[in-house]
Amino acid sequence: MTSAINVSGLVKTFGRVRALDGLDLHVDTGEVHGFLGPNGAGKSTTIRVLLGLLRAHAGTVELLGGDPWRDAVDLHRRLAYVPGDVNLWPNLTGGEAIDLFGSLRGGLDKRRRDELIQRFQLDPSKRARTYSKGNRQKVAIVAAFASDVELYILDEPTSGLDPLMEAAFQECVREVTRRGRTVLLSSHIFSEVEALCDRVSIVRQGRTVETGTLAELRHLTRTSVSVEATRPITGLTDLPGVHDVDVAATHATFAVDSGELNRVLGYLTQFDVRTLSSAPPSLEEIFLRHYGDELVGAR
Amino acid sequence: MSSSRTGTARLARLALRRDRVQLPVWILSIAALGAFAASAIGTQYPTEADRLAVLRVAVETPGLLIFRAAPTGTSDGQMTVFGILAILALMAGFMSTLAVVRHTRQNEETGRTEMIGATAVGRQASLTAALAVVVGANLALAALIGLTLAGNGEPAGGSFAAGAGVGAAGIAFAGIAAVAAQLTQGARAANGMAAAAVGTAYLIRGLADAFGDVQPNGYTMTSAWPSWLSPIGWTLQLRPFAGDRWWVLALPLVCFAITTAAAFALAARRDVGTGLLADRPGPTRASAALLGPLGLAWRLQRGTLCGWAVTIVAFGLVVGSIGNAVQDQLMTNENVRGRLDDLAGGGGHEAMDSFFAAMMATIAVLVAGYLVQALLRARAEESSGRVEAVLATATGRLAWLGGHVVVATAGAVAMLGLAGVTIGLVYGASAGHLGGQIRHLAATAYLQLPAVLTLAGLAVALLALVPRISMGLTWFAFALSFVLGPYGTLFGVPETVRAISPFSHVPSAPAEATAAPIVAMSAAALALGLAGLATFRRRDLVG
Ligand SMILES: Nc1ncnc2c1ncn2[C@@H]1O[C@H](COP(=O)(O)OP(=O)(O)OP(=O)(O)O)[C@@H](O)[C@H]1O
Ligand SMILES: [Mg+2]
């Protein structure tokens, strides 16, 4: 499989602030790649480097087989971008802005544009200054998806959308992936990432701390288990990989490292299990595990 | 304190903090300009005879009075009032209107008002705080002007009357800006409306002085009645050093009271973020003309361009019609000729050429002001983040910035032509040789182009090299060129210092033009512009 985005060891500093500190990001062609990280982790900065808006200080950056700084104009014909902060010209109407972006990118599909405006229930005759935050975002989303390009770079595209519009957005992403397009999706909305993404990369303080499919990431974390047995449960705390044990005679809840799950289940059979439920870790839990110390700590 | 004003003090402190550099720079610059002009009078016109001579010419030359004021006498203080006071009031007007809009409409536009409004502050607090800060700034300005003039040895009464006149004009314009900020939808439109009010007030005052009555002594005059309609007219009607009519201060203060009352009433009736002039639905599709970097730049700049073009044409009409009066004067008065030449920068050329050169120099400053504003629009696009989405499309950096440069420069070229043709038409219509006059005056106007473009080149270079401070630096360079150029002779600035300003190198008539300064300035403009474009290609975007 070829890769759409290939970033390794990316460094970007602003004065004394080291915004990116050896970041790696690999996005395969045709996948939806989730880009996660706490506020200020460097997601938007990475995206700006990918778009040739900022210049990398060190590391290699490859986008659609080209150099995002040197070949910016040619590469931009093949991608569409939704910024995190959608700033439109106050005097232009939404419709005008959509057409303008489409034309600057090298043309857009008129039928698809109208269909998307319908789907997102956008009034294209309003001046941008009168749009709400969500409506400004819709303008950027419609402008992006009305162009048929190879790569969509979306920086928190749905942070202001209502649930109905969120669904419409997810539908758009599925449509383009069905046609083999690539999507890089930075987002703080876990349900969205879980629903859409094939793989995710988690960044923190300018470095990639985790990358892989959701299943792979789950494997690295704990499953929570709740069990009811006929005989009193004992000795759980002595098993390796078992945490947060809470035993009340025949009932127990605990968390177990996913790699140890099989052995723990074998151990439990001696107490004659009657019911057992287990929940795989949600993305949110994975996320919190990575940032737990940070939440308490520095920022 | 009424609940709708709760939190005013806190907001005022916030506004002061935001303006801790900007307002002091304005106040000090205006006061310094006044002090400089006052101290130059003694060296420039040392004897009573010098003063009488220059005032005698001035009262007979309406075109000059537009930029000075109706003379009230020959003392140092009176000469200072004649030379600079109207311009100080004009600058106080701009300081005040920009500050009021900055702390009201612009806050609203960026959403800051919402965040503040959700905290424990009253609805009217933001406007009250803005007005308090601006009134305070004008009081400081008034005191500073009074102190510097008095320190220069002028009578204290007149010095503080002059300061109060300038400060009061600033306060009156603050009220006008407060109304403009309520009426329009955006800060840009509010600034435009308020600036138009300041400019109009200046022009009305100028015309009223130009068409005033000369007193029997032959060198002082009283302005025509429209002077009483203009806040800048009031500054001069206060007659500092010539009677100090303090009661005239009541006029700007009443104007301030009425306009702020209107602004508060309007503010109470409208919602945050909206104006009274509501938005109508616009086109749902973009016209083909918009689709491209050039089309976008044109769309963003055309409003500014139209506003300035109207100003330039109005100015051209006035200059052209005054040209006839000046011509008559020159026919009859030998002495006038020499003095006029002095005022136009010296050199002993054709008298009418001197007059038009002096007018063109002012027009060139206006056109340069437009050009700087239009080019800085590109910087505003960058700092607001709008440019990111544009440069993320297949639009290159050169195409984007080039689009703004092309539209702005073409606008400046068109405006100089418009000025030349308008003056030529009006002047030629009565003076004869219509076609020849138009050609001659258009050529005179275009002599200013290299100087105007030099400032434009500097603007592009600065916004590429030092984006964060480019706005302030560029306007500073503009103000410096303006003060050292067309007005430099008036303040007695040494030639070597005046040479900093590109406007000091403009020949006064096509016949006088030598290739060297034109080539040098064009080359400098081109080099600066290209350096700017090349740098912008290679740097990070800066918010
Ligand atoms: N132009 C700049 N100048 C200085 N520092 C900057 C600049 N741009 C970003 N930074 C810093 O770089 C770091 C990364 O910022 P970035 O915007 O990439 O974060 P992010 O992951 O997108 O955060 P969020 O989730 O809040 O959008 C932050 O510490 C930020 O303060
Ligand atoms: Mg971000």
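Just wondering, is there one or more residues in region B:82-102 that are assigned to a loop (DSSP other than H, G, I, E, B) and either modelled with pLDDT of 85 or more or surrounded by fewer than 19 Cβ atoms within 10 Å (Cβ to Cβ) (or both)?
No: zero hits.
Please indicate, with yes or no, whether at least one residue in region A:209-227 is more than 14 Å from every other protein chain (Cβ to nearest Cβ), in contact with a His (Cβ under 7 Å, 6 or more places away or on another chain), within 16 Å of ligand 1 (Cβ to nearest atom) and outside any loop (DSSP other than H, G, I, E, B).
Yes, some residue in region A:209-227 is more than 14 Å from every other protein chain (Cβ to nearest Cβ), in contact with a His (Cβ under 7 Å, 6 or more places away or on another chain), within 16 Å of ligand 1 (Cβ to nearest atom) and outside any loop (DSSP other than H, G, I, E, B).
Quick one: B:Pro281 ticks every box in (1) surrounded by 17 or more Cβ atoms within 10 Å (Cβ to Cβ); (2) at pLDDT below 85 except a single one, so which number is it?
The single condition B:Pro281 does not satisfy is (1).
Do we find that A:Asp109 is among the acidic types (Asp, Glu) and buried (at least 21 other Cβ atoms within 10 Å of the Cβ) in this structure?
no
With the structure loaded, tell me whether A:Lys133 is surrounded by fewer than 16 Cβ atoms within 10 Å (Cβ to Cβ) and at pLDDT 90 or above or whether it fails that test.
So A:Lys133 fails the test.
Of (1) assigned to a helix (DSSP H, G or I); (2) among the aliphatic types (A, V, I, L, M); (3) in contact (Cβ under 8 Å) with a residue 60 or more places away in the chain, B:Ala523 satisfies all except one. Which?
(3)
Go through region A:1-36 and give me each residue that's within 13 Å of ligand 1 (Cβ to nearest atom) and among the aliphatic types (A, V, I, L, M).
A:Leu10, A:Val11, A:Val17, A:Ala19, A:Leu20, A:Leu23, A:Leu25, A:Leu36
Taking region B:247-260 only, how many residues are exposed (fewer than 14 other Cβ atoms within 10 Å of the Cβ) and either within 30 Å of B:Val214 (Cβ to Cβ) or modelled with pLDDT under 95 (or both)?
2
Given the conditions (1) in contact with a Ser or Thr (Cβ under 7 Å, 6 or more places away or on another chain); (2) within 9 Å of chain B (Cβ to nearest Cβ); (3) free of Cβ contacts under 8 Å to residues at least 40 places away in the same chain, and given that A:Gly102 satisfies all but one, which numbered condition is not satisfied?
(3)
Take A:Leu54 and decide whether it is away from every other protein chain (no Cβ under 12 Å), within 16 Å of ligand 2 (Cβ to nearest atom) and either among the polar types (S, T, N, Q) or buried (at least 22 other Cβ atoms within 10 Å of the Cβ) (or both).
no
How many residues, within region A:156-201, are more than 14 Å from chain B (Cβ to nearest Cβ), more than 10 Å from the chain's Cα centre (by Cα) and within 16 Å of ligand 2 (Cβ to nearest atom)?
Residues flagged as more than 14 Å from chain B (Cβ to nearest Cβ), more than 10 Å from the chain's Cα centre (by Cα) and within 16 Å of ligand 2 (Cβ to nearest atom) within region A:156-201 amount to 2.
Residue by residue, here is whether (1) in contact with a strand residue (DSSP E or B) (Cβ under 9 Å, 6 or more places away or on another chain); (2) away from ligand 2 (no atom under 16 Å from the Cβ) holds:
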{"residue": "A:Thr2", "(1), (2)": "yes, yes"}
{"residue": "A:Val17", "(1), (2)": "no, no"}
{"residue": "A:Gly22", "(1), (2)": "yes, yes"}
{"residue": "A:Val27", "(1), (2)": "yes, yes"}
{"residue": "A:Lys43", "(1), (2)": "yes, no"}
{"residue": "A:Leu64", "(1), (2)": "yes, yes"}
{"residue": "A:Asp67", "(1), (2)": "yes, yes"}
{"residue": "A:Val73", "(1), (2)": "no, yes"}
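Residues that are within 14 Å of chain B (Cβ to nearest Cβ), outside any strand (DSSP E or B) and in contact with a Phe, Trp or Tyr (Cβ under 7 Å, 6 or more places away or on another chain): does region A:12-25 have at least one?
Among the residues of region A:12-25, not one is within 14 Å of chain B (Cβ to nearest Cβ), outside any strand (DSSP E or B) and in contact with a Phe, Trp or Tyr (Cβ under 7 Å, 6 or more places away or on another chain), which makes the answer no.
Right, B:Thr393: within 30 Å of A:Asp155 (Cβ to Cβ) and over 19 Å from the mean Cα position of the chain (by Cα) or not?
When the stated conditions are applied, B:Thr393 passes them.
Between residues in region A:144-155 that are within 12 Å of chain B (Cβ to nearest Cβ) and residues that are within 16 Å of ligand 2 (Cβ to nearest atom) and assigned to a strand (DSSP E or B), which pairs lie under 6 Å by C-beta distance while being six or more apart or on different chains?
Taking only residues 6 or more apart or on different chains, the pairs are A:Ala144/A:Val82; A:Ile153/A:Tyr81; A:Ile153/A:Leu184; A:Leu154/A:Val82; A:Leu154/A:Leu185; A:Asp155/A:Ser186.
Please find, within region B:354-388, the residue that is surrounded by the most Cβ atoms within 10 Å (Cβ to Cβ) out of those that are of a type in the set (Val, Ile, Thr) and over 30 Å from A:Val86 (Cβ atoms).
B:Val367
Please go through region A:73-101 and pick out each residue that is more than 16 Å from ligand 1 (Cβ to nearest atom) and assigned to a loop (DSSP other than H, G, I, E, B).
A:Arg77, A:Arg78, A:Leu88, A:Trp89, A:Pro90, A:Asn91, A:Leu92
The values are calculated or read from the model by the stated rules, or taken from the named source; none is laboratory data. Keep in mind that this is a model prediction, so the values were computed, not measured. In this analysis, Cβ positions are derived from the backbone assuming ideal geometry, glycine residues included, and neighbour counts consider all displayed protein chains.
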